[in-house]
Amino acid sequence: MISLLQDIQEAFGYLPEAALKVVSERTGRPLVDVYGVATFYKLFRFKPRGRQLLSVCLGTACHVRGSAQVAEELGKKLGVKPGETSADGEFTLETVNCLGCCAIGPVVVKEGRYHGQVTLKELGGLVKKDGSANGDGRAG
Amino acid sequence: MAKSKKLRSVADYDRARKEASAQRNAYEARISIGCTSCSASDGRALLEAFQAEVARRGLQEKVLVRLSGCHGFCAKGPLVVFVPHRICYLKVKPSDVPEIIEETALKNNVIDRLVYRDPKTGQKCQLESQIPFYKRQLRLIMDYNKRLDPRDIGSYFAIDGYEGLIKALTRMEPEDVILEVKNSGLRGRGGAGFPTGFKWEFCRKAKGSSKFIICNADEGDPGAYMDRSVMESNPHSVLEGLIIGAYAIGADEGYVYIRNEYPIAVEHIKLAIAQAYEAGLLGKDILGTGFSFDVHVERGAGAFVCGEETALIASIEGRRGEPRQRPPFPATKGLYNKPTNINNVETLANIPLILTRGGSWYSHFGTRNSKGTKIFSLVGKVRNTGLVEVAMGSTFREIIYDIGGGIQDDRPFKAVQTGGPSGGCVPAEHLDQAIDYESLSKLGTIMGSGGMIVMDDRTCMVDVARYFMSFLRNESCGKCLTCREGTQRLWEILDDICEGRGKPGHLPLMEDLAHCVKDASLCGLGQTAGNPVLSTLRYFRDEYEEHISEKRCRAGVCKPLIEYRVVAEKCVGCLLCKKACPQDAITGELKQAHVIDGERCIKCGLCYAACKSDAVEHVKSRDLCHA
């Protein structure tokens, strides 16, 4: 069931209601049960995501190096809270528990690209629409 | 990568191993590029640069360039190691590559600026083994990483990989394997530290026609990443441990339950499994021994509680990851109600070593009740962040100061947090404590999976407790009232204290509540959820009291309690803080004392971090002075 949902999310970027109905029909599990599983896990989204995904790591090592401020500042710049998408549909801001790059925290991942030891000053570059900051994934 | 032929017998395996090591030795030089955190810091770009340069000079026959497993010194990544000389370069950039090939690969010259330089003595270390970070470690597991390409089963053969499995399948009965693991004294590396051999024995003795073995790679503790590194760097060692475990308990099917947040680890373990099938080390009648075993990969979906055995099983079965009452233990009634054994990644990575070298060899390392080595993820405010493998019984001081190089910027050490959200903080007075399962538990923390987050005087312990409680209240599955509501209430009180609304009765109330959550919750998550509060209260009660009665945060972390100002006498007027301020709240000219405008200041702390002369200080917030 979970890999099924993961595949759907990979294809659509989120779990559309229609797809969950199909899952329920095909697996024979009640729709409420499918929703029950999907909402339990943090990975699943029920709204479309923006063109670019920004994930801020909130692991302990990142926390003691100021990741809460990084998340807050990114949220301010985009005018969203974690889990939301910017009004222009460009960026979705998410927080994750730990990305396992603890040595180079605080870490922000933009569309699969890791940015280590980010500073508040760099965040402006990360949320530029043209993605011009994509090329400076800094070495730890 | 050579496509491996199907091995049908032990003789086939021996031939494959010899071929692989001959192939490897045919190169004059081998260049290993560390992969994991380093790939976060552009290891892959570096690989491409090396490959392009080697191709441009037509050196493909002479120089082997490969992405190796994690070297562990993540603070200085990407690392590049040359074999045979073992010269080690740190923080290598693609632009360094032509010079490295010209000077080191062709002329055997060492490039000075890329080698490690001791920050205290200024002494240079050309070889990895000379660097203090490595010199004081005992790397039984991690040492293999730089010697192999995680994407190539041949390179694992070349270091005698799968020999432990061959030995088990051909020369040992399952009971002998269990006895060997029991003799080694190996205990589970996932958190609770249950002896692995006994765990296997329970499952072996459980009645049932088919059994399961699961590798728990759902490394949930924030701040711990050794399992990710082992999975990414040496996936075959974990797989070999899993197959040996399956043989020992009599399982015919296995699962690797792995965090979805670790894309490279998922990719590498999937590739390793595919290669093992192709080589005949998985599937029907492995190497003609009559033993059959299949493995599947299940990805987690971001739920911390799924690290708990029964929740993990529920998740594989496609249900909400809620733990259930034990007994029955998974060893008798686990996945799909069949006897099931679950081991952590690092535990399994130890198994091939124990089989090839022997349980009694392994038991020489460590303390009386905790054998072998443990990988710690040494992170936070420490200079040499990275993965550290040491014998059990090493002290915090050895790890943080000798290996870790001390605290960043030479600030005072305040505490080290171990065991993730279930663990606790250990203060400076216990720095010389030898670390094993028992000693940590006496200190009010646990081994956990091996996270070691170092904190300095700029870390607020109340804020740390609030951080963990925020994590736990989000991750509580909600089944038990005490855990669901208790962690929420604890977080609310901690938030009050951090925001300046603390009351004198809060501390005893929190203690009561934390004990209640511990005593009345079902699973390991709930039963340890009080620890972050209890352990910080045990050692840092004065900080809590300062927050409540004086409305003061000495670390300068709790924003409502502080204000920043420039001490005019110390300020040299260097403009650094002014440049750092995102609010333009700082005024002042070059070589004149600066001033912070309290109205515009958002207390981001950038000026405080930027100042080189300690002239920016945080003081008690004026808003609270009259409160």
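The values are calculated or read from the model by the stated rules, or taken from the named source; none is laboratory data. Computed from a predicted structure; not experimentally measured. When we count neighbours, we look across all protein chains shown, and the Cβ atoms used for this are built from the backbone with ideal geometry, even at glycine.
Worth pointing out:
- Taken together, A:Leu74, A:Leu15 contain a single residue that is more than 10 Å from every other protein chain (Cβ to nearest Cβ) and in contact with a Lys or Arg (Cβ under 7 Å, 6 or more places away or on another chain), which is A:Leu15.
- If you go through the range B:371-409 and keep only what is farther than 20 Å from A:Gly105 by Cβ, of a type outside the set (S, T, N, Q) and not in a strand (DSSP E or B), you end up with B:Gly372, B:Met392, B:Gly393, B:Phe396, B:Arg397, B:Glu398, B:Tyr401, B:Asp402.
- Residues being at pLDDT 90 or above, under 29 Å from B:Glu546 (Cα atoms) and not in a loop (DSSP other than H, G, I, E, B) - total across the range B:587-616: 3
- Lone unmet requirement of (1) without any contact (Cβ under 8 Å) to a residue 60 or more places away in the chain; (2) within 14 Å of chain A (Cβ to nearest Cβ); (3) buried (at least 17 other Cβ atoms within 10 Å of the Cβ); (4) out of contact with any Cys (no Cβ under 8 Å at 6 or more places or on another chain) for B:Gly420: (1)
- Matching helices (runs of 4 or more DSSP H) fully within the range B:108-201 where at least 3 residues are out of contact with any Cys (no Cβ under 9 Å at 6 or more places or on another chain): B:153-158, B:163-171, B:174-184
- Odd one out for B:Arg466, checked against (1) free of Cβ contacts under 8 Å to residues at least 40 places away in the same chain; (2) in the same structural domain as B:Arg501 (by TED's automatic domain parsing); (3) of a type in the set (D, E, K, R); (4) in a loop (DSSP other than H, G, I, E, B): (4)
- Residue that is farthest from the other protein chains (Cβ to nearest Cβ), among those in the range A:79-94 that are touching a Leu at 6+ places or on another chain (Cβ under 6 Å) and either buried (at least 21 other Cβ atoms within 10 Å of the Cβ) or acidic (Asp, Glu) (or both): A:Phe91
- Taken as a whole, the structure leaves B:Gly283 outside the set of residues that are away from chain A (no Cβ under 13 Å), under 26 Å from B:Val177 (Cα atoms), at pLDDT below 95 and over 18 Å from the mean Cα position of the chain (by Cα).
- A single entry from B:Gly288, B:Gly300, B:Gly223 fulfils the requirement of being at pLDDT below 95 and surrounded by fewer than 24 Cβ atoms within 10 Å (Cβ to Cβ): B:Gly288.
- Candidate set from the range B:511-525 (those that are part of a loop (DSSP other than H, G, I, E, B) and of a type outside the set (A, V, I, L, M)); member that is nearest to B:Pro328 (Cα to Cα): B:Cys523
- Residue within the range B:358-367 that is over 23 Å from B:Met172 (Cβ atoms), out of contact with any Leu (no Cβ under 6 Å at 6 or more places or on another chain) and not in a strand (DSSP E or B) present: yes
- Filter result for the condition that a residue is touching a Phe, Trp or Tyr at 6+ places or on another chain (Cβ under 7 Å) and touching a residue at least 60 places away in the same chain (Cβ under 8 Å), over B:Gly300, B:Gly307, B:Gly280, B:Gly288: B:Gly300
- Which listed residue, of B:Gly69, B:Gly77, is more than 14 Å from chain A (Cβ to nearest Cβ), surrounded by 20 or more Cβ atoms within 10 Å (Cβ to Cβ) and touching a Gly at 6+ places or on another chain (Cβ under 9 Å): B:Gly69
- Scanning the range B:249-275 for residues that are touching a strand residue (DSSP E or B) at 6+ places or on another chain (Cβ under 9 Å) and either assigned to a loop (DSSP other than H, G, I, E, B) or away from chain A (no Cβ under 14 Å) (or both) yields B:Ile249, B:Ala251, B:Asp252, B:Glu253, B:Gly254, B:Arg259, B:Asn260, B:Glu261, B:Tyr262, B:Ile269, B:Ile273.
- Residue in the range B:480-488 that is in contact (Cβ under 8 Å) with a residue 60 or more places away in the chain and not in a strand (DSSP E or B) present: no
- Residues that are surrounded by fewer than 21 Cβ atoms within 10 Å (Cβ to Cβ) and more than 10 Å from chain A (Cβ to nearest Cβ), drawn from the range B:303-328: B:Arg324, B:Gln325, B:Arg326, B:Pro327, B:Pro328
- Qualifying residue in the range B:239-251 (condition: surrounded by fewer than 24 Cβ atoms within 10 Å (Cβ to Cβ) and either in contact with a helix residue (DSSP H, G or I) (Cβ under 9 Å, 6 or more places away or on another chain) or not assigned by TED's automatic domain parsing to the domain that holds B:Thr356 (or both)): yes
- Test set (1) closer than 30 Å to B:Thr310 by Cα; (2) touching a helix residue (DSSP H, G or I) at 6+ places or on another chain (Cβ under 7 Å) - B:Asp495 fails condition number: (1)
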